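The values are calculated or read from the model by the stated rules, or taken from the named source; none is laboratory data. It should be emphasised that the depicted structure is a prediction, and the values quoted were computed from it without experimental measurement. Neighbour counts are summed over all protein chains in view; Cβ atoms, including those assigned to glycine, are modelled from backbone coordinates with ideal geometry. When the accessible area is computed, the model is the full protein with side chains, heavy atoms only, and any ligands, DNA or RNA have been set aside. Shrake-Rupley method; radii C 1.70, N 1.55, O 1.52, S 1.80 Å.
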Amino acid sequence: MIGIIDYGMGNLFSVSKALERMDIPYKIGDRPDQIDNCTGYILPGVGAFPDAMKALEEHGFIDFIKQKVSEGVPMYGICLGMQLLFEESEEGGLTKGLGLFPGKIERFPGISPDGQTYKVPHMGWNQLKLHQSDHLLMENVGEEYVYFVHSYVVETDEDAILYATADYHQQVPAIVGKGNLVASQFHPEKSGRAGVQLLENFCKRIVKQ
């Protein structure tokens, strides 16, 4: 059973519908006790980092997420849900994250290294570049196009967590992972075949139903 963490800032409809299409059982909870016994979790996210961290705290999910990850329970962060797993973000002033991955969230500068301006947010289809393909999450996932919408990007020196990146005037961590903790900057439920494959890999290969 997959638990979808509802803290008021996730696109629950699209994620739940994607799971339904794959016949994957799930339940949604806005408090830890509602989804405490699930075998895997999805942390979605849309909006601003500081608001999201405040909402996670108000719903009692900060310690819950950290505990589940420390116990080895699989967790998949999506979009803002991925960024929340890192140490801190500069969005709206410096805000501490969950600290489960090393790195910081910074805004796209909007100026390329050669001085050209570019659009922020990074929005639309972009191609994955695979760095690691031997993790269960990456099974049958190639260098395909997936759908991004984000103005802030992960900056990390820990290359070992990079499963795939994309290029948007700089390297963009697209899929990250460490053991049973995985995440994608893009929305898998909106990313065609590759996105469906990632969700299926997480729910049917990483998570023990």
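Could you tell me which residue of the range 1-39 is surrounded by the most Cβ atoms within 10 Å (Cβ to Cβ), considering only residues that are under 14 Å from the mean Cα position of the chain (by Cα) and modelled with pLDDT of 95 or more? Working first, answer last.
Looking only at the range 1-39, we keep the residues that are under 14 Å from the mean Cα position of the chain (by Cα), and these are 4-5, 9-12, 15.
Now restrict to residues that are modelled with pLDDT of 95 or more: 4-5.
Numbers: I4: 20, I5: 28.
Ranking the qualifying residues of the range 1-39, first place goes to I5.
Here are G77, G72: which of them is open to solvent by less than 20 Å² (accessible area, probe 1.4 Å) and not aliphatic (A, V, I, L, M)? Give the steps one after another, and end with the answer.
On the way: G72 fails: open to solvent by less than 20 Å² (accessible area, probe 1.4 Å).
Answer to the check: G77.
Which of the following residues is more than 23 Å from G192 (Cα to Cα) and touching a strand residue (DSSP E or B) at 6+ places or on another chain (Cβ under 7 Å): F49, F64? Please lay out each step first, then the result.
Values: F64 fails: touching a strand residue (DSSP E or B) at 6+ places or on another chain (Cβ under 7 Å).
Only one candidate passes the filter, namely F49.
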Exercise. Could you list, in sequence order, all residues of the range 150-166 that are surrounded by fewer than 17 Cβ atoms within 10 Å (Cβ to Cβ) and assigned to a helix (DSSP H, G or I)?
Key: D159, A160
Practice problem: Count, please, the residues in the range 167-206 that happen to be in a loop (DSSP other than H, G, I, E, B) and either of a type outside the set (A, V, I, L, M, F, W, C) or open to solvent by 10 Å² or more (accessible area, probe 1.4 Å) (or both). | Solution: 8
Quiz prompt | Single condition D134 does not satisfy, out of (1) of a type outside the set (A, V, I, L, M); (2) touching a residue at least 24 places away in the same chain (Cβ under 8 Å); (3) more than 28 Å from L94 (Cβ to Cβ) | solution = (2)
